[in-house]
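Here's the structure we're looking at; comments come further down.
The values are calculated or read from the model by the stated rules, or taken from the named source; none is laboratory data. Here the structure is a predicted model, which is why all the values come from computation and not from measurement. Cβ atoms come from the backbone with ideal geometry, glycine included; neighbour counts cover every protein chain shown. Note: areas computed on protein heavy atoms with side chains; ligands, DNA, RNA excluded. Shrake-Rupley method; radii C 1.70, N 1.55, O 1.52, S 1.80 Å.
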Amino acid sequence: VESTWTGPGGAVLSSDGRVSISGGNDSTSPYMSVLMFSELYPEDNGTYYCSVAVRPTDSPQITTQSMVVKDFDLNVMRPPLPIGIVEDQTPANAGVEYQLVCEVEAVEGLVYTPQLVWSNAHGDLDGVTIGSQESMGNTIKLPLTFTPLNTSHGGSYTCTYTWSSGYMNYSNSSTHMLSVGIPLPSISISADGLGMPLYQGTARNLTCSHAVDPSVDTSYTADFIFTGPSGNEDHSTGRFAIINFSPIDTTDTGNYTCIVSITSEDQFVNDVSHSSTKTFTVEALPPPIVMISDTSESNRPGAQLHL
């Protein structure tokens, strides 16, 4: 039995570095010839024929018979390599450690491993750690870690893979839009006077101020709504809000609420609003303490008396 493989265009195939032919030229049964590709290229597309010639060894007078046993159409496709970006389960708030993971699902038997690369719209990845590419089964991963996540990290992040084999170069990418949340600001409500009681009839100020986490490294605006029980209020923009009393009265006793809204013009920064409430008690003015002292130089008769 002699077999011959013919490829696209009628070329007779033989074993080389990438294509190998085994079997098909012996007297064993069943007769089988195997055409093996160590790696498929698009140029391998086409119809393949296996021709078999049979010559009985014990009857030389019988003429060799040839026939086409099978034709096979080979269609080499680009390997499907779906790519995606997996978000961290932790909310993307500034000040926390956050991670994006690029994942590519490879097909079985893929000879060359795709190479993954991270990039972003800023053109740099300062302050971000790119981990090591690792494979888990058919899944290839490349992590991108923010330690910590800052508001300036908001934007688009793209993971691109390249897969090269011979003269073939494949690439694909996936983009994730990262929006960063501003953490809740801390709010402080205080009275002037360094801890002095709020006495009825005195001029006093109540102040609401705020502070944000250092991870908020983009410009923002703070809007205040500061209200009290007797209708006093202040709507301010800036660093603080003040309710002024001239004077304060016992009817001003009660809860004072300050709402702070942090907003940014950055489209990738999520705004936040937070509130705090504090109770103040206005005390009646205590009665004055009257003291009489003698400052006279002498108590002799005729001396001046100073009280």
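Across HIS210, HIS122, the residue with the most accessible area heads the list, and the full order at a 1.4 Å probe is HIS122, HIS210. Once the Cα-Cα distance is subtracted from the 0.36 nm per residue extended length, the THR237 to SER119 segment shows a gain of 38.8 nm. Computed packing ranks the peptides 153-159, 42-48, 185-191 as 153-159, 185-191, 42-48, most packed first, by mean other Cβ atoms within 10 Å. For the residues MET32, MET177, MET291, a GNM of the chain with alpha-carbon springs under 10 Å puts the largest fluctuation on MET291. So, R0 is 45 Å and r is the distance between the beta-carbons of THR158 and THR202; what FRET efficiency does that work out to, to 0.05? Efficiency for this residue pair is about 0.15. Each peptide in 223-231, 144-152 receives the mean, over its residues, of other Cβ atoms within 10 Å, and ordering these scores from highest gives 144-152, 223-231. The residue among MET36, LEU307, SER15 whose Cα reaches farthest toward the positive pole of the charge dipole of the chain, with charges on the beta-carbon of Lys, Arg, Asp and Glu, is LEU307. Solvent-accessible surface (1.4 Å probe) assigned to PHE268 amounts to roughly 40 Å². Among [x] 1.55; [y] 1.09; [z] 2.19, which is the computed Cα Rg over 2.2 N^0.38 Å? Among [x] 1.55; [y] 1.09; [z] 2.19, the one derived from this structure is [z].
For the pair the stretch 257-280 and the stretch 34-52, the centres of their Cα atoms are 67 angstrom apart. With all protein chains in place and ligands, DNA and RNA left out, the 1.4 Å accessible area ranks LEU307, LEU184, LEU81 as LEU307, LEU184, LEU81, largest first.
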